[in-house]
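> The structure that follows is given in the form of structure tokens.
The values are calculated or read from the model by the stated rules, or taken from the named source; none is laboratory data. Every value quoted in this text rests on a predicted model; they were computed, and no experiment measured them. All Cβ positions, glycine included, derive from the backbone under ideal geometry; neighbour counts span all protein chains shown. The protein model used for the area step is the full one, side chains on, heavy atoms only, and it has no ligands, DNA or RNA in it. Shrake-Rupley method; radii C 1.70, N 1.55, O 1.52, S 1.80 Å.
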Amino acid sequence: MSAFLSVAGLRHFYQGRKVLDVESLEVMEGEILAVVGPNGSGKSTLLRIINLLERPSSGDISFWDGSRLSSMGRGERRGLSRQMAMIFQEPLLFKRSVRANVEYGLKARGVKKEERRRMADEMLVRMDLSRFADRAAATLSGGEAQKTALARAMVLRPRLLLLDEPLVSLDAPSRKDMLAYISGLVREMGVTALYVSHDYHEVLEIADRLAVLIDGRLLQTGTPGEVFAKPAADVVAEFLGAENLLEGKVAESREGVARLEVAGVEMEALCELPPGSRVKVLIHPEEVALLPGEMEAGSVRNRLRAQVTEVRAQGALVKVGLDCGFPLVAYITRDSREEMGIDAGAVITAAVKATAIHVMPFST
Ligand code: ADP
């Protein structure tokens, strides 16, 4: 399947400073691709360039209709612009009625009055905004206003919807509501969406794939599951707030299996990096198995003597803080906590399979 939109060798500079350096990014038709990364990492710049609001310093973009940024005439540019709609942090509504706002783009495109009204009203019904149709947009709550902005964009039936932190100025209930409308409409109308956010939690439920952008560089793309299980770099793991991110060193390596030193403790993991490499090691807390009692001397690798430092209920699970020579967190069920009698101060054994340890080159 060829990409709906593809970015190649895109670089952008502001005052001589490189803020964007994306070698390649493909967006597939009908997907919601969330571009996530800390503030200032170039997400909005990327969106503005794709939306033809800014010209990149270099690089090219191929669009779904076969056009390319590098060889686009003015007419083609305008035609393409009309196939895209953007939602910003603030709704930016006109000081007119809700209906007039939703009709605005249709009017600009020369859609006849009755047809315009029919289309706007249909969209207002779909968005549960009908009761506000004749209200002045300025009197709406933040959530209602952002929904109106979404209705105004979607009534134009864009091929590509660009969302730049659309939930930032909303309260928690409105965020949830808005997200449901975004994903519902995007799926129903077969639109492709690029959704920018500095908070990846916000997009987890609706994104098909994540693209992680940090310091202008695209470090990883993949489904949320893939990115969480195997972050491509330590900075990605840090951005995701990964627990159990530890520093270590490759002591020995043979046929893809390495002996690592993590805070003076020896561990075995799958890793192709050569001996001497500094690494960051990610041990997913749900992959840490706890065994009652202290381990026996000379036991198998990746069985660590662990002293329980903290036990805290977290939803259906229990978070257990451990001191294994380095701090380690494990999540276990309430039942297994009770069975094993795990309490602060207890000395137990933490076991991690070599395959459950994700090793990344050290970059920070
Ligand atoms: P994000 O959306 O990830 O927060 P931006 O794309 O807004 O990041 O910004 C990326 C970098 O480019 C930031 O360091 C920002 O300060 C800078 N920047 C953005 N717009 C401009 C501009 N118009 N002039 C100069 N620098 C800018």
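> Can you pull the semi-axes for the range 151-221, root of five times each eigenvalue of the Cα gyration tensor, sorted largest first, whole Å?
Semi-axes from the Cα gyration tensor: 21, 16, 11 Å.
> Given A153, S183, V250, which one lies farthest toward the positive end of the charge dipole of the chain, if we put +1 on the Cβ of every Lys and Arg and -1 on the Cβ of every Asp and Glu?
A153
> Leaving ligands, DNA and RNA out of it, report the carbon-plus-sulfur percent of the accessible area of the range 245-361 at a 1.4 Å probe.
Ligands and nucleic acids excluded, carbon and sulfur reach 47 percent.
> Another question about this same structure. Expressed in whole Å with the largest first, what are the equivalent ellipsoid semi-axes of the range 123-162 derived from the C-alpha gyration tensor as the square root of 5 times each eigenvalue?
19, 11, 7
> How much accessible area per residue does the chain have, in Å², with a 1.4 Å probe?
48
> On to the next question. Given 25 °C and 0.890 mPa s, how large is the Stokes-Einstein diffusion coefficient of the range 245-361 in µm²/s, with Rh as the Kirkwood radius over Cα pairs?
Translational D for this selection: 169 µm²/s.
> Going by amide H atoms built from the backbone, whose H comes under 5 Å of the H on L5, apart from near neighbours?
When sequence neighbours closer than 5 places are left aside, the close amide H contacts are V27.
> Could I ask something else about it? Over all pairs of distinct alpha carbons, what does the Kirkwood formula give as the hydrodynamic radius of the chain, in Å?
For the chain, inverting the mean 1/r across all distinct Cα pairs yields 23.4 Å.
> R0 = 56 Å: FRET efficiency of V257 with R74, Cβ-based, nearest 0.05?
Calculated value: 0.45.
> Okay, next question. When the Karplus curve 6.51 cos²θ - 1.76 cosθ + 1.60 is applied with θ = phi - 60°, which whole-Hz ³J(HN,Hα) does each residue of the range 28-41 get, with x for Gly and Pro?
8, 4, x, 8, 9, 9, 9, 9, 10, x, x, 4, x, 8
> Still on this model: Sum up the charges of everything whose Cβ sits under 10 Å from the Cβ of V7, counting Lys and Arg as +1 and Asp and Glu as -1, but leave V7 out.
-3
> Add +1 for every Lys or Arg and -1 for every Asp or Glu among the other residues with Cβ under 13 Å from the Cβ of P38, and state the total.
The answer is -2.
> Students often get this wrong, so check it: of K230/K319; K43/K176; K18/K43, which have C-alpha atoms separated by over 19 Å?
Over 19 Å Cα-Cα: K230/K319; K43/K176.
> Can you give the calculated 222 nm mean residue ellipticity of the chain, where each DSSP H run of n ≥ 4 adds -39,500 (n - 2.57) and the sum is split over every residue, rounded to the nearest 500 deg cm²/dmol?
-7500 deg cm²/dmol
> How far, in nm, would the chain grow between S81 and F94 when pulled straight, counting 0.36 nm per residue and subtracting the alpha carbon separation?
Separation in residues times 0.36 nm, less the Cα-Cα distance, equals 2.6 nm.
> Could you work out the local net charge near L210, counting Lys and Arg as +1, Asp and Glu as -1, over the other residues with Cβ closer than 13 Å to its Cβ?
-3
> Return the sequence-ordered ³J(HN,Hα) values of the range 323-328 in whole Hz as given by the Karplus equation 6.51 cos²θ - 1.76 cosθ + 1.60 applied to θ = phi - 60°, using x for Gly and Pro.
10, 10, x, 9, x, 9
> Using amide H atoms built 1.01 Å from N in the peptide plane, name the residues 5+ places from S253, or on other chains, whose amide H lies under 5 Å from its own.
R259
> Whole-Hz Karplus ³J(HN,Hα) for the range 72-82, in order, using 6.51 cos²θ - 1.76 cosθ + 1.60 and θ = phi - 60°, x for Gly and Pro?
Ordered by residue, 3J(HN,Hα) equals 9, x, 4, x, 4, 4, 5, x, 6, 3, 5 Hz.
> Oh, and also: Where does each of 235-248, 175-188 land if you order them by average Cβ count within 10 Å, highest first?
235-248, 175-188
> If you line up the long axis of helix 172-189 against the longest principal axis of the chain, both from Cα atoms, how many degrees apart are they, to the nearest 10?
Compared with the principal axis, the helix lies near 70 degrees.
> Using modelled amide H (1.01 Å from N, peptide plane; none on Pro or chain starts), what sits under 5 Å from the amide H of G222, excluding residues fewer than 5 places away?
Here the answer is L210, since their amide H atoms fall under 5 Å of that of G222.
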